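Peer 1: One structure, pasted below without further comment.
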């Protein structure tokens, strides 16, 4: 029986989700409640309350037998359905088999470097993530995993073997600060950092600078760890941007200026990070 996945959306082409041009599969569901989340509608499943149906001006949504049905051909991605949802969800998610997922982008495989599994948090669907990675690899498309690190990777050897590499978020080094940012502690996240570093499969670590935690400590400790990796792990230090963030996050977080970002880059390089990329807000 084919594995069925809960899919938030699929991008057939992306240049920002790993090296090269990639197809990206966003799986629905996340166990973090990040203060600065830019995609809060990917956290929870739709509960079919129906408020989104009259909000849609393009007749792309209807309710039938207690379920919201989405017509992607009518949808204009205006976001009205997500804006009115009190549940922080999306009515546009789909239950898809692995074969259906790959059929969405395999016709364009000649133009793709690989695929990326993202979310939400894709590792909350480990069987699905593993099946997509293995099936895509057989089709000549190696796969990356974009994760918040909340699922112990040491318990998923088949998934780790199937992945070309991992991109890991480190929200904050201090556990209390991590809880304040996400609602969850970071013991498993840091264990995954230590697990992945010596494997050569940790390709990138990312930290968003929000002004709400000790960024110097986080950058320093991350850089020290990834400096030990056998491969040059990219450390992507990202300036907070308010676009798409819920009101509490916009009020609490601050966008760092260029001087502060350069200061953090200097810390990372001093501690041995070999590839540090700053992402500033335009």
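The values are calculated or read from the model by the stated rules, or taken from the named source; none is laboratory data. Please read all numbers here as calculations on a predicted model, not as lab measurements. Here Cβ is always computed from backbone atoms with ideal geometry, including for glycine, and neighbour counts include all displayed protein chains.
Peer 1: Restricting to the stretch 168-213, what's the tally of residues that are within 18 Å of residue 31 (Cβ to Cβ), in contact (Cβ under 8 Å) with a residue 60 or more places away in the chain and crowded, with 21+ Cβ neighbours inside 10 Å?
Peer 2: 4
Peer 1: Consider the stretch 222-242. How many of its residues are surrounded by 18 or more Cβ atoms within 10 Å (Cβ to Cβ) and either over 16 Å from residue 195 (Cβ atoms) or not assigned by TED's automatic domain parsing to the domain that holds residue 38 (or both)?
Peer 2: 7
Peer 1: Residue 69 versus (1) closer than 30 Å to residue 142 by Cα; (2) in a strand (DSSP E or B); (3) not assigned by TED's automatic domain parsing to the domain that holds residue 205: which is the lone unmet condition?
Peer 2: The failed condition is (1).
Peer 1: Select, from 239, 251, 258, the only residue that is free of Cβ contacts under 8 Å to residues at least 40 places away in the same chain and within 26 Å of residue 40 (Cα to Cα).
Peer 2: Matching residue, one of 239, 251, 258: 251.
Peer 1: Could you figure out which of (1) part of a helix (DSSP H, G or I); (2) within 30 Å of residue 249 (Cβ to Cβ); (3) touching a helix residue (DSSP H, G or I) at 6+ places or on another chain (Cβ under 6 Å) isn't true of residue 159?
Peer 2: (2)
Peer 1: Quick one: residue 79 ticks every box in (1) without any contact (Cβ under 8 Å) to a residue 12 or more places away in the chain; (2) farther than 18 Å from residue 11 by Cα; (3) not assigned by TED's automatic domain parsing to the domain that holds residue 199 bar one, so which box is it?
Peer 2: (2)
Peer 1: Going by the structure shown, is residue 134 out of contact with any strand residue (DSSP E or B) (no Cβ under 9 Å at 6 or more places or on another chain) and outside any strand (DSSP E or B)?
Peer 2: no
Peer 1: Given the conditions (1) part of a strand (DSSP E or B); (2) in contact with a helix residue (DSSP H, G or I) (Cβ under 8 Å, 6 or more places away or on another chain); (3) surrounded by 20 or more Cβ atoms within 10 Å (Cβ to Cβ), report the number of the one that residue 278 does not fulfil.
Peer 2: It fails just one condition, (3).
Peer 1: Just give me the residues in the stretch 224-246 being part of a helix (DSSP H, G or I) and under 21 Å from residue 19 (Cα atoms), in sequence order.
Peer 2: Listed by number, the list holds a single entry, 226.
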